[in-house]
């Protein structure tokens with residue numbers, strides 16, 4: 001397994017990931033970085049505290065079972081330190097007992113993810129909590145940055161101009177990911193009560209949107225007979 005430096009070149013929201021299983025830690029790190037997050041990996045509670053002393057992070061994923069202290073103890077220490085107390089925490093655990101979850105919530109955790117989990121579920125839960133805590137954020141994937149609040153899209157620091165309908169389609173796909181959005185829903189989101197528009201209008205607009213997003217247009221995946229999905233696994237560099 002390759003050793004990773006603290007943090008990466010990715011400039012998105014930062015996440016501390018504390019997990020003593022090297023394979024799971026690598027999987028989580030890769031999944032989050034692929035979605036534009038900056039990851040600080042740690043294999044123990046003390047290593048996590050060391051990172052938090054030096055770095056400011058936007059969120060922490062903590063395994064409940066760590067070699068030197070429990071995840072709940074690590075969370076408790078974070079919430080007692082004014083430098084770390086506002087960092088939202090998601091626990092990772094192989095145990096799905098109600099008492100374990102209540103113990104985590106009692107020390108200040110915001111959410112729980114039970115192992116085994118899919119990478120898509122994990123990134124979706126992280127992003128959902130980030131939105132809830134921060135009240136909105138930019139979506140970042142490699143050289144693509146999308147501001148849902150200001151309706152701005154940049155690729156490699158250059159602005160891409162989308163029509164209001166094209167941006168409405170893009171926003172609907174991002175807000176729903178990793179789920180697929182059916183064409184009728186996209187029609188309603190982008191055209192509203194316009195009686196002249198039909199499902200074919202959605203297909204034409206998605207084609208234009210893909211073209212404007214250049215290589216990132218491959219992230220818009222067609223789900224035959226249903227609709228479209230934002231899927232970065234489909235990204236191919238042109």
- Of these, 205, 190, 197, which one is out of contact with any strand residue (DSSP E or B) (no Cβ under 9 Å at 6 or more places or on another chain), in a helix (DSSP H, G or I), farther than 29 Å from residue 122 by Cβ and at pLDDT below 90? 190
- Item | Test: residue 99 is surrounded by fewer than 18 Cβ atoms within 10 Å (Cβ to Cβ) and without any contact (Cβ under 8 Å) to a residue 12 or more places away in the chain | yes
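Listed here are the residues, each with its yes/no results for (1) surrounded by 21 or more Cβ atoms within 10 Å (Cβ to Cβ); (2) within 30 Å of residue 235 (Cβ to Cβ); (3) over 19 Å from the mean Cα position of the chain (by Cα).
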position: 28; (1), (2), (3): yes, yes, no
position: 34; (1), (2), (3): no, yes, no
position: 40; (1), (2), (3): yes, yes, no
position: 43; (1), (2), (3): no, yes, yes
position: 48; (1), (2), (3): yes, no, yes
position: 52; (1), (2), (3): yes, no, yes
position: 92; (1), (2), (3): yes, yes, no
position: 108; (1), (2), (3): no, no, yes
- Note on the structure: Of the residues in segment 175-222, those that are closer than 15 Å to residue 144 by Cβ and either surrounded by 16 or more Cβ atoms within 10 Å (Cβ to Cβ) or in the same structural domain as residue 128 (by TED's automatic domain parsing) (or both) come to 177, 209, 210, 212, 213, 216, 217, 218, 219, 220
- Message: Among the residues that make up segment 78-87, is at least one of them in contact with a strand residue (DSSP E or B) (Cβ under 6 Å, 6 or more places away or on another chain) and closer than 30 Å to residue 144 by Cβ?
- Response: yes
- Message: Quick check on this structure: which one of 145, 125 is under 18 Å from the mean Cα position of the chain (by Cα), at pLDDT 80 or above and assigned by TED's automatic domain parsing to the domain that holds residue 219?
- Response: 145
- Report yes if residue 63 is under 15 Å from residue 111 (Cβ atoms), modelled with pLDDT under 90 and buried (at least 16 other Cβ atoms within 10 Å of the Cβ), otherwise no. no
- Under the condition of being touching a strand residue (DSSP E or B) at 6+ places or on another chain (Cβ under 7 Å) and assigned to a strand (DSSP E or B), which residue from segment 140-151 is surrounded by the fewest Cβ atoms within 10 Å (Cβ to Cβ)? 147
- Task: Restrict the check to segment 92-99 and report whether at least one residue is touching a strand residue (DSSP E or B) at 6+ places or on another chain (Cβ under 6 Å), in a loop (DSSP other than H, G, I, E, B) and within 27 Å of residue 176 (Cβ to Cβ).
- Result: yes
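The values are calculated or read from the model by the stated rules, or taken from the named source; none is laboratory data. Here the structure is a predicted model, which means the values were calculated and not measured. Using ideal geometry, Cβ is built from the backbone for each residue, glycine included, and neighbour counts are taken over all protein chains shown.
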